[in-house]
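What follows is one structure encoded as structure tokens, with my remarks underneath.
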Amino acid sequence: MADNSLRSSVTTPYVGENTIGNSWPVHLKFAATGSFVMLAGMILTGLWVGREFEESVTRNTALSTVLYMESFIAPLAQDLTSKDFVSPETSEALQKVFLEPHFRERIAAIKLWKEDGLIAFSSNPELIGEQFEPSEAQQRAWAGSIGFSFDDHGDTDDMEVEGLEDVPLLEVYNPVHSIYTGEIIAVAELYVIAKDLENDVFQARLRSWLVIAGVTAALFSLLFAIVYRGSRLIERQRATLEQRFDQLLKVSAQNDSLRRRIQAATARASELNERFLRRISAELHDGPAQSVAFASLRVNSLVEEHNTAAGSEVSRIKAALDEALSDIRNICRGLSLPELESSNIEQVVVRAVQSHEKRTNEQVDLSIEGKPDRGFDHPARICVFRFIQETLNNATNHAGGKNVRVQCTFERGKLSIKVSDAGPGFAYGDTGETAGLGLRGLRERIESHGGWFHIDSERGIGTTISMTIDARENGNAT
């Protein structure tokens with residue numbers, strides 16, 4: 001039984017290894033899952049880094065443009081400190097600045113806003129005096145912050161950039177301060193031609209993606225190399241374990257075969273022993289028992305015929321012969337088992353109890369629970385009979401037959417028997433017959449049949465002796 005459970009528990013993991021998912025080596029599993037994780041991480045990192053690069057490059061371009069324009073626009077926009085529009089002279093000066101070639105190469109359009117959304121100046125004169133709802137970017141600029149974003153050519157006040165729909169523009173909002181008080185007197189809106197900026201952003205994104213892809217590939221290659229070496233080591237260890245497991249299975253099968261052969265040999269020895277005991281019983285019954293009986297009869301005849309003075313001594317001899325004859329007959333009955341070949345296991349239990357009751361005139365409380373669902377072979381039936389016979393004899397000899405009880409339980413192909421008494425008990429392991437050959441012989445007999453034997457006894461409490469044996473069929477009756 002232990003070998004079979006060992007084989008089952010060890011082989012279970014290897015059954016799972018035959019599934020498709022688990023048949024892959026570890027490094028291939030890592031390559032499949034790790035590449036997906038690495039690719040997802042690379043994409044997320046690339047998007048984040050690209051956005052940061054774009055924002056950084058755009059901010060730097062906006063700041064450089066603001067610094068560049070500050071020196072031109074701020075001095076010319078001081079009229080707006082106390083006026084809603086710049087003076088005609090200032091407007092003409094601003095138009096000249098706007099029309100300069102180096103300025104036009106960078107700036108597509110310019111507007112100066114008052115706080116209420118009024119256009120105080122525009123590179124497109126048609127927009128001067130128009131009023132629009134201040135945008136969020138304008139409001140931030142009035143609060144002192146520089147705002148910037150790529151223009152989508154969708155604003156209603158972008159008439160001055162008509163014809164530049166295909167040109168990328170960076171829309172910058174810059175607060176214009178008074179050179180005397182430092183307060184914000186207007187907001188300059190600049191449309192910066194962002195061809196170079198677009199190219200810079202593209203180059204920055206490309207470099208970031210290349211760097212991230214390279215780092216990711218290097219990390220993945222390094223990790224894959226580590227996992228591959230570990231996987232190869234695991235495969236070698238697994239092959240070694242499988243080889244040892246196969247060897248263990250072979251040894252287990254050999255042990256199981258040897259165990260079965262030992263149990264079969266024990267069963268044959270048990271049956272052979274019973275035959276010898278039966279033969280000894282027959283020899284005692286037919287030989288010494290008959291001679292002692294004859295001697296007793298002759299002594300009795302002599303006493304009746306001669307009635308000598310030594311009659312009392314002859315009577316004692318007659319009593320001794322009768323006692324010896326009774327002992328021989330009891331020994332014969334103990335050595336010789338009843339016919340068990342045609343009895344089932346329940347009948348064997350009942351016979352053993354009834355035989356003891358008949359021989360000792362003691363009452364035994366017998367209970368049987370359940371029914372055997374499989375058969376018990378002849379050696380097993382002999383083993384059960386001898387167990388009950390020996391334990392009941394012990395209960396009579398050492399416990400005076402006090403409250404003797406036999407409990408039999410059939411469950412899941414097993415037979416469990418408990419024989420208990422209310423005698424003085426003993427500490428198991430004490431010297432003497434109760435803890436000596438009789439019990440040791442029972443243990444060896446039961447364990448040789450693959451059964452289980454246990455003694456539970458304490459001084460002054462009583463004794464319970466238990467056994468459990470599996471059903472085994474050999475074609476005989478159950």
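The values are calculated or read from the model by the stated rules, or taken from the named source; none is laboratory data. None of these values were measured; they are calculated from a predicted model. Cβ atoms come from the backbone with ideal geometry, glycine included; neighbour counts cover every protein chain shown.
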statement: Filtering the stretch 448-458 down to residues that are within 36 Å of the chain's Cα centre (by Cα) and farther than 21 Å from Ala422 by Cα yields Gly450, Gly451, Trp452
statement: Counted residues in the stretch 97-140 being touching a Gly at 6+ places or on another chain (Cβ under 7 Å), crowded, with 17+ Cβ neighbours inside 10 Å and at pLDDT 85 or above come to 1
Conditions (1) more than 27 Å from the chain's Cα centre (by Cα); (2) modelled with pLDDT of 85 or more; (3) not hydroxyl-bearing (Ser, Thr, Tyr): number failed by Ala194: (2)
message: Against the definition (at pLDDT 85 or above, surrounded by 14 or more Cβ atoms within 10 Å (Cβ to Cβ) and in a helix (DSSP H, G or I)), how does Ser252 come out, yes or no?
response: yes
- line: Across the stretch 448-472, the tally of residues that are within 17 Å of Asp256 (Cα to Cα) and of a type in the set (Asp, Glu) stands at 1
- line: The one condition Trp48 fails out of (1) farther than 20 Å from Arg140 by Cβ; (2) surrounded by 15 or more Cβ atoms within 10 Å (Cβ to Cβ); (3) under 60 Å from the mean Cα position of the chain (by Cα) is (2)
- prompt: Can you name the number of the only condition in (1) modelled with pLDDT of 85 or more; (2) surrounded by fewer than 16 Cβ atoms within 10 Å (Cβ to Cβ); (3) under 21 Å from Ala269 (Cα atoms); (4) not polar (S, T, N, Q) that Glu339 fails?
  reply: (1)
query: On the given criteria, is Gln237 in a helix (DSSP H, G or I) and under 24 Å from the mean Cα position of the chain (by Cα)?
result: yes
query: Condition test on Ile128, is it under 26 Å from Asp196 (Cβ atoms) and touching a residue at least 24 places away in the same chain (Cβ under 8 Å)?
result: no
query: Can you tell me which residues in the stretch 59-91 are within 15 Å of Arg106 (Cβ to Cβ) and surrounded by 13 or more Cβ atoms within 10 Å (Cβ to Cβ)?
result: Thr61, Ala62, Leu63, Thr65, Val66, Tyr68, Met69, Glu70, Phe72, Ile73
query: Regarding Phe103, is this residue within 60 Å of the chain's Cα centre (by Cα) and of a type outside the set (S, T, N, Q)?
result: no
- request: Only one of these is farther than 17 Å from Leu169 by Cα, in a helix (DSSP H, G or I) and in contact (Cβ under 8 Å) with a residue 40 or more places away in the chain: Ala141, Ala93. Name it.
  value: Ala141
- prompt: Which one is farthest from Ser135 (Cα to Cα) among residues in the stretch 185-237 that are touching a residue at least 12 places away in the same chain (Cβ under 8 Å) and among the aromatic types (Phe, Trp, Tyr)?
  reply: Tyr228
task: Take Tyr173 and decide whether it is of a type outside the set (A, V, I, L, M, F, W, C) and surrounded by 18 or more Cβ atoms within 10 Å (Cβ to Cβ).
output: yes
query: Do we have Ile193 as among the hydrophobic types (A, V, I, L, M, F, W, C) and out of contact with any strand residue (DSSP E or B) (no Cβ under 6 Å at 6 or more places or on another chain) here?
result: no
